[in-house]
Amino acid sequence: CKQRVAELKDEQLYSQGHERPEGDFCPICTLPIPLPMDDHSIFNTCCSKQICDGCNMAAKKRGLLDCPFCRTRYPDNYADTLAMIQARVSKKDPEAIFHLGVKFVHGQLGLQKDTRKAVELWKEAAELGSIDALYNLGVAYEYGHCVHQDRAKAAEFYEKSAMQGCVDARCNLGSYEGQEGNPDRAVRHS
């Protein structure tokens, strides 16, 4: 019985998440944003949309100095940027909550570095459906960033994220399997 449960879990893990999630596509041109996404796109705090560099450049070339997606004026300073993010957070936007957590980790926008707060925000964002938050929680548990280091819990978060299309989570799961001497299982994650 336990073996069958494990087989079903593996079947689910290996059969889901092989297509990139909706958030990996530019909402303007609808093309997939190249990986690593942070190097090829911009996150707009006004609408919590990730816009590809091509659409961002095209908008600037046309003289549009506002957000190319929602046409909101870009904030002039950190306080305004933080206020925009917090407005989205108050509306329970999972991507804004995740993004605010990232700002706490790096101490950006005038915020003090607070990894504990970031982990709390990521947990909330994950409950609301943020794939990136699931992945970052996996990283936090893998390395023990303000949580008790727990590789099994990290793997759980990576699995949830990978089944929703997170490429980095799937890569980490493959590495785990390789380190545990399971090359056949590791290859199935690629």
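Hey, of (i) 20.7, 73; (ii) 19.5, 60; (iii) 18.3, 64, which did the structure itself give for Rg and Dmax of the Cα atoms in Å when calculated?
Evaluating Rg and Dmax of the Cα atoms in Å on these atoms matches (iii).
Determine the calculated [θ] at 222 nm for the chain from helices alone, applying -39500 (n - 2.57) to every DSSP H run no shorter than 4 residues and normalising by the residue count; nearest 500 deg cm²/dmol. If you can, show how the numbers build up before the last one.
Working: 9 runs with 106 residues, N = 190.
Calculated mean residue ellipticity at 222 nm is -17000 deg cm²/dmol.
For LYS49, list long-range residues whose amide hydrogen, built 1.01 Å from N in the peptide plane, is under 5 Å from its own amide hydrogen.
ASN44
Taking only protein heavy atoms into account and a 1.4 Å probe, give the accessible area per residue of the chain in Å². All intermediate terms of the calculation are to be shown ahead of the outcome.
Values: 11260 Å² over 190 residues.
Ligands and nucleic acids excluded, the figure is 59 Å² per residue.
Could you compute the net charge surrounding LYS153? Neighbours are other residues with a C-beta less than 15 Å from the C-beta of LYS153; K and R count +1, D and E count -1.
On the way: positive: LYS123, ARG151, LYS160; negative: GLU142, ASP150, GLU156, GLU159.
Local net charge: -1.
Not counting ligands, DNA or RNA, and with a 1.4 Å probe, what is ASP39's accessible surface area in Å² rounded to the nearest 10?
Near enough 110 Å² of accessible area.
Treat every Asp and Glu Cβ in the chain as -1 and every Lys and Arg Cβ as +1, leave all other atoms uncharged, and give the resulting dipole magnitude about the Cα centre to the nearest 20 debye. All intermediate terms of the calculation are to be shown ahead of the outcome.
Values: 24 positive and 27 negative charges, 97 e Å.
Computed about the Cα centre, the dipole is about 460 debye.
What does the charge dipole of segment 73-168 about its Cα centre add up to, to the nearest 20 debye, if the Cβ of each Lys and Arg holds +1 and the Cβ of each Asp and Glu holds -1?
Computed about the Cα centre, the dipole is about 200 debye.
Across the chain, how many lysine pairs separated by 8 or more positions, or lying on different chains, have Cα atoms within less than 14 Å?
Working: LYS9/LYS160; LYS92/LYS123; LYS103/LYS113; LYS103/LYS117; LYS123/LYS153; LYS123/LYS160.
Taking the Cα cut-off of 14 Å, the pair count is 6.
Could you tell me the center-to-center distance, by alpha carbons, between segment 147-162 and segment 1-52 in angstrom?
17
Per residue of segment 173-190, in order, report the coupling 6.51 cos²θ - 1.76 cosθ + 1.60 (Karplus, θ = phi - 60°) as ³J(HN,Hα) in whole Hz, putting x for Gly and Pro.
So the Karplus estimates, Gly and Pro as x, are 5, x, 5, 4, 4, x, 5, 8, x, 10, x, 5, 6, 4, 5, 5, 7, 7 Hz.
Please list, ordered by chain and number, the residues whose modelled amide H lies under 5 Å from the amide H of SER41; skip anything fewer than 5 residues away on the same chain.
ASP53
Projecting each Cα onto the charge dipole of the chain (Lys/Arg +1, Asp/Glu -1 at the beta carbon, about the Cα centre), which of GLN149, ALA6, PRO34 comes out farthest on the positive side?
Ranked along the dipole, the leading option is PRO34.
Just SER130, SER90, SER41 to compare: in a GNM of the chain, with alpha carbon springs under 10 Å, which one fluctuates most?
Highest fluctuation among the options: SER90.
Test of understanding: in a Gaussian network model of the chain with alpha carbons linked when under 10 Å, which of ILE131, ILE33, ILE42 would top the mean-square fluctuation ranking?
ILE42
Please list, in chain and number order, the residues 5+ apart from PHE25 or on another chain whose amide H is under 5 Å from its amide H, with Hs placed from the backbone.
ILE33
The values are calculated or read from the model by the stated rules, or taken from the named source; none is laboratory data. Nothing here was measured: the structure is a model prediction, and the numbers come from that model. Backbone-built Cβ (ideal geometry, glycine too); neighbour counts: all protein chains shown. The accessibility values were calculated without ligands, DNA or RNA, using every heavy atom of the protein model including side chains. Shrake-Rupley method; radii C 1.70, N 1.55, O 1.52, S 1.80 Å.
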